[in-house]
Amino acid sequence: MAQKVAVLGTGKIGEALLSGMIRAGWSTDDLLVTARRPERAEDLRARYGVDAVGNLEAAKAADTLILAVKPQDMAALLDELAPHLSADRLVISAAAGIPTAFLEEKLPAGTAVVRVMPNTPVLVDEGMSVISAGTHAAEEHLLRTEAIFKPVGKTLRVPESQQDAATALSGSGPAYFYFLVEAMTDAGILLGLPRDKAHDLIVQAAIGAAVMLRDSGEHPVKLREAVTSPAGTTISAIRELERHGVRAALIAALEAARDRSRELASGQA
């Protein structure tokens, strides 16, 4: 029998998952969405041909519920859903910093919970979704979760104890690259290039470098060394990056992101 999936919270991430499932072959008859605003619900109906329902109807009808709400809205949503859920449902949380234990405590005993940390490139089908099993989640639940998230990028299973580190690297990761592109664009302007040309040069360099990292199988040190000629321009730039402590700053930044993720998971505002 087909599994009915409900996406509760159809912001950008929720809508990206909905679109990905449809493109991957899910029947719209097996998909439900919820939305706070009636106009948003009508837009989703018109755009994707899916039923937009209330949270309680989704809880009663769906075999798998994807909770894609903001972290601060999760407790209220779980309180609303719990009386109407049976323990044979799969509940997938895509809310940052919410541990599976928090959901398991509020849901019926034995409910399978899977925690997923997607990043924003799921919006262009190039995301990374980091998946962790809760206490009652079995292999079948992880496979079902992967089938939902794979249409919008890659998936990676990790123990939940590694989710905070994964959030620092992957969940927040795109922001670090945007920050770097912003800084390099400013440098290009300082060096005499128009902003649009500096932007295009850097973005294409980033895309090309990422593809080479993904497809070549080479260690990043080898790829960097291939660009770094003796007494050349690149080694002069690398020397300045090292002199200014860029490597140490990146490590410290990711440690700070991991620590903040731990604070959010523990309920610290």
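Rank by packing, highest mean first: peptides 104-117, 254-267, with packing defined as the count of other Cβ atoms within 10 Å averaged across residues.
Values: 104-117: 19.9, 254-267: 15.3.
In descending order of packing, they fall as 104-117, 254-267.
I'd like the FRET efficiency for GLN3 and ILE251, computed as 1/(1 + (r/R0)^6) with the beta carbon distance as r and R0 of 35 Å, rounded to 0.05.
E(calc), rounded to 0.05, equals 0.25.
Restricting to region 5-157, compute how many DSSP beta bridges are antiparallel as a %, nearest 5.
Among the beta bridges of region 5-157, antiparallel pairing accounts for roughly 15 percent.
Show me 166-174, 73-81 ranked by packing, highest mean number of other Cβ atoms within 10 Å first.
Top to bottom by mean Cβ count within 10 Å: 166-174, 73-81.
Please list, ordered by chain and number, the residues whose modelled amide H lies under 5 Å from the amide H of ARG157; skip anything fewer than 5 residues away on the same chain.
ILE131
Kindly rank 153-161, 237-245 from highest to lowest mean number of other beta carbons found within 10 Å of each residue.
153-161, 237-245
Please report the orientation-averaged projected area of region 164-245, defined via the convex hull of its C-alpha atoms, in nm².
6.7
Would you mind working out the magnitude of the charge dipole of the chain relative to its Cα centre, with +1 at each Lys and Arg C-beta and -1 at each Asp and Glu C-beta, to the nearest 20 Debye?
420
Which value, in Å², gives the accessible area per residue of the chain when a 1.4 Å probe is used on the protein heavy atoms?
About 56 Å² of surface per residue is accessible.
How much FRET efficiency would the formula 1/(1 + (r/R0)^6) give for HIS244 and ALA46, where r is the Cβ-Cβ distance and R0 is 45 Å, rounded to 0.05?
0.30
I want the antiparallel fraction of DSSP beta bridges within region 78-184, as a percent rounded to 5.
Values: 4 of 13 bridges.
Counting only bridges with both partners in region 78-184, antiparallel ones make up about 30 percent.
Given axes a ≥ b ≥ c from the Cα gyration tensor, I'd like to know whether region 116-269 is rounded (a/c under 1.5), prolate (a/b larger than b/c) or oblate.
prolate
If you plug each phi of region 55-62 into the Karplus form 6.51 cos²θ - 1.76 cosθ + 1.60 with θ = phi - 60°, what whole-Hz ³J(HN,Hα) values come out, in order, with x for Gly and Pro?
Result, rounded to whole Hz: 4, 5, 5, 4, 5, 7, 9, 8.
Please compute, over every Cα-Cα pair in the chain, the percentage with a separation greater than 35 angstrom.
28
Test of understanding: extend the Cα→C-beta vector of LEU169 to 7 Å, then name every residue of region 119-138 with backbone N under 14 Å from that spot.
128-131
Taking 2.2 N^0.38 Å as the expected size of a compact globular protein, what ratio does the Cα radius of gyration of region 1-116 give against it, to two decimals?
Expressed relative to 2.2 N^0.38 Å, the Cα Rg reads 0.98.
Amide H neighbours of GLY127 under 5 Å, counting only residues 5+ apart in sequence or on other chains, H built in-plane at 1.01 Å?
Hits under the 5 Å cutoff: VAL122, GLY153, LYS154.
Run the paramagnetic zone check for GLU218: 7 angstrom along Cα to Cβ, then residues of region 159-196 with backbone nitrogen under 14 Å.
none
Could you tell me the calculated FRET efficiency between SER27 and ASP88, based on Cβ-Cβ distance and R0 = 30 angstrom, to the nearest 0.05?
The calculated FRET efficiency here is 0.90.
Of all beta bridges DSSP finds with both residues in the chain, what is the antiparallel percent, to the nearest 5?
Taking every DSSP beta bridge within the chain, about 15 percent pair in antiparallel fashion.
At 1.4 Å probe size, with the rest of the protein present, what percent of the exposed accessible area of the chain is carbon and sulfur atoms? Before the final figure, lay out each step's value.
Working: 8930 of 15040 Å².
Roughly 59 percent of what the probe reaches on the chain is carbon or sulfur.
Would you mind computing, in nm to one decimal, how far apart the modelled labels at GLU225 and LEU201 are, each placed 7 Å from Cα along Cα→Cβ?
Label at GLU225, label at LEU201, 2.8 nm between them.
Sum -39500 (n - 2.57) across every DSSP H segment of at least 4 residues in the chain, then divide by the residue count to get the 222 nm mean residue ellipticity, nearest 500.
Calculated from helices alone, the mean residue ellipticity at 222 nm is -16000 deg cm²/dmol.
Starting from the Cα of GLU105, move 7 Å in the Cα-to-Cβ direction to define the label point; list residues of region 145-170 whose amide nitrogen is under 20 Å from there.
Only 160-164 fall inside the zone, counting backbone N under 20 Å.
With labels modelled as points extended 7 Å from the Cα through the Cβ direction, what inter-label distance (nm, one decimal) is found for GLU39 paired with SER266?
The two pseudo-label positions are separated by 4.3 nm.
The values are calculated or read from the model by the stated rules, or taken from the named source; none is laboratory data. Note that the coordinates shown come from a computational prediction; the quantities given were computed from them, not determined experimentally. Positions of Cβ are backbone-derived with ideal geometry, glycine not excepted, and every protein chain shown enters the neighbour counts. Quick note on the areas: whole protein, heavy atoms, side chains included, nothing else; ligands and nucleic acids left out. Shrake-Rupley method; radii C 1.70, N 1.55, O 1.52, S 1.80 Å.
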